[in-house]
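No value in this document is a laboratory result; all are computed from the given coordinates. On a predicted model such as this, the values are computed, not experimentally measured, just so you know. Glycine also receives a Cβ, built like all others from the backbone with ideal geometry; neighbour counts cover every protein chain displayed.
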Amino acid sequence: MANKILIPTPLRPYTDKRDSVEVEGRTVGEMLDDLTARHQGLRRHLFTDDGRLRNFVNVYVNDEDIRYLQKEQTPVQPGDVLTIVPSVAGGTDITTLDALPALTNDEIRRYSRHLLLPEVGIEGQRKLKAARVLCIGAGGLGSPAAMYLTAAGVGTLGLVDFDTVDFSNLQRQILHTTQEVGRSKLESATRRLNALNPEVRVETHDTALSSANALQILGQYDYVIDGTDNFPTRYLVNDACVLLGKPNIYGIVSRFEGHA
């Protein structure tokens, strides 16, 4: 029985640039085995050395995640389509649970909905607490990023900005309120984030990012979020992240268009 597996763009170099492959198998596991037998370069990207599906590789039968079915034993029917969706791998170098910070009783109550998710759980929440994330810019892009990271329980959030809050900022820069107009964006952001989640440590860098300070500031964090609004700074952030080996997460908004 031949069924189709859809191949994501990052893995197509290992399938001769094909976006789908017809394979044989009665279960998801058999289909993946057949796929990697036909395209052996794929195997190390999908499976660990001991044959387990890597934890950042998500597989769907039609629209159903196999983690909520029978995992690799999930049976497939004629016409079913498998989709491989790799999520972002990597992150901070914390390899054992003993190295992760514990959660307080208040944090367990606060993040209880996270803890119910099998993709997060206690270990995932502790990893979040251990993480240090730098958000460059506390404006239209940095505001929602900072608020969601704080609500989610990232351990340390760094903010870089040197601007003040203006009335024209308020319709999109949701960190700031009318009462903060004329004040430092970093002071405004710190007050808002501390009120949202006092468990998160907020570190501020009241300066314009430059070639003189970029490596020193970015080097203190595990992840970098670029919320700036000009190309010279974006190029600077990218170069610094490459030199430091830091993940660079960025987004661009222009009127009704966006890019990430």
Report task. As a check on your grasp of the helix formula, calculate [θ] at 222 nm for the chain: sum -39500 (n - 2.57) over DSSP H runs of n ≥ 4, divide by the residue count, round to the nearest 500. Result -> -8000 deg cm²/dmol
Report summary line: Computed over all unlike Cα pairs, the Kirkwood hydrodynamic radius of segment 70-218 in Å stands at 17.8
Query - Gyration tensor over alpha-carbon atoms, segment 2-86, equivalent ellipsoid semi-axes in Å - result: 17, 15, 12
Query raised in the report: Using Cα-only point scatterers and the Debye equation, what is log10 of I(q)/I(0) for segment 131-259 at each q in 0.21 Å⁻¹, rounded to two decimals?
Result: -1.27
Query raised in the report: In this model, which of LYS129/LYS246; LYS71/LYS246; LYS4/LYS127; LYS127/LYS185 are farther than 26 Å apart at the alpha-carbon?
Result: LYS71/LYS246; LYS4/LYS127; LYS127/LYS185
Query raised in the report: Looking only at Cα atoms, what is the convex hull volume of segment 1-143 per residue, in Å³?
Result: 168
Query raised in the report: Which of ARG192, ARG26, ARG183 moves the most in a Gaussian network model of the chain with Cα springs under 10 Å?
Result: ARG26
Report task. Select from LEU159, LEU186, LEU35 the residue whose mean-square fluctuation is largest in a Gaussian network model of the chain (Cα-Cα springs shorter than 10 Å). Result -> LEU35
Query raised in the report: DSSP beta bridges in the chain, what fraction antiparallel, as a percent rounded to 5?
Result: 45
Query raised in the report: With N residues in the chain, what two-decimal value do you get for its Cα radius of gyration over 2.2 N^0.38 Å?
Result: 1.21
Report summary line: Most exposed first, judged by fewest Cβ atoms within 10 angstrom, LYS71, LYS129, LYS246 run LYS71, LYS246, LYS129
Query raised in the report: If you bin the C-alpha pair distances of segment 161-232 every 5 Å from 0, what whole percents do you get?
Result: 3, 14, 21, 24, 21, 13, 5
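In the neighborhood of GLY139, defined by Cβ-to-Cβ distances under 15 Å, what is the net charge if each Lys or Arg adds +1 and each Asp or Glu adds -1?
Neighbourhood net charge equals -3.
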Report summary line: In a Gaussian network model of the chain with springs linking alpha carbons closer than 10 Å, the residue among VAL81, VAL120, VAL165 that fluctuates most is VAL81
